[in-house]
Amino acid sequence: MGGKYRVTGNTFPRMRRPRHRRRLVLAAVAAVVALGLAGWGTLQLIDVFTGGDRKAAAAAHKKKCATSVSKQAALPRALPKPAGIKVNVYNATPRSGLAKAAADELKKRGFTIGKVGNAPAAYDKKVPGTGLLLGAPTAANGSFTVLGTQLPGSAHRTDARRTADVDLIIGTKFKAFSTPAAAATALTALTKPSPAPSPC
């Protein structure tokens, strides 16, 4: 074109490349992420060297254990009364009349007496200790515990019976029952135990 419409080098419009906004946005996001990771890493290092997480976890665990122990101490142990325990007394020693004498003493102390006589052949002269308490599995944490306060050192064994009675088989080392006062003290300690030390 000629004349006034001719485009010369001085008046030709300059073309600029479009700015790469994506690159700017990505760079800004990367910078923010890097700063965040650096801050998180710094906090982790601080916790490692100061033991922050361990101290917090230990404090929470200690509080939980203290609450558990206090709850256990507040609950008294429920045990059957002597009158609710039926005891069969058997003599496994060579001494005659021992089963009747033991049964009479237990009756004075409030226990209900069942059968009295010599021990069966499976136990006759085969109980080396002070005595053996024999009963159903349900007696392990009830009747055995109460009757055991009368005869410390007695062995406990469960069998397949379904009845609530308990056999007391007197052993060769039997001399006498605990005194009523000692048995009562032991029973009181069982029903109202002092709080055990926390395993925490």
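Please treat every number below as a calculation from the coordinates, not as lab data. Since the model is a prediction, treat every value here as computed from it, not as a measurement. Please note: Cβ atoms are built from the backbone with ideal geometry, for glycine as well, and neighbour counts cover all protein chains shown.
Lys and Arg at +1, Asp and Glu at -1: add these up for the other residues within a Cβ distance under 13 Å of ILE113 and post the number.
Numbers: positive: LYS86, LYS100, LYS107, LYS108, ARG109, LYS115; negative: ASP104, GLU105, ASP165, ASP167.
That sum, taken over residues with Cβ under 13 Å, equals +2.
For GLY131, the amide hydrogen comes within under 5 Å of the amide hydrogens of ALA155, GLY171, counting only partners 5 or more places away or on other chains and with H modelled in the peptide plane. Residues whose amide H comes within less than 5 Å of that of SER178, counting only those at least five positions distant or on another chain, are LEU151 (H built at 1.01 Å from N in the peptide plane). For VAL166, the amide hydrogen comes within under 5 Å of the amide hydrogens of LYS86, VAL87, ASN88, counting only partners 5 or more places away or on other chains and with H modelled in the peptide plane. The label-point distance for ALA34 and ALA140, in a model that sets each label 7 Å from Cα toward Cβ, rounds to 6.7 nm.
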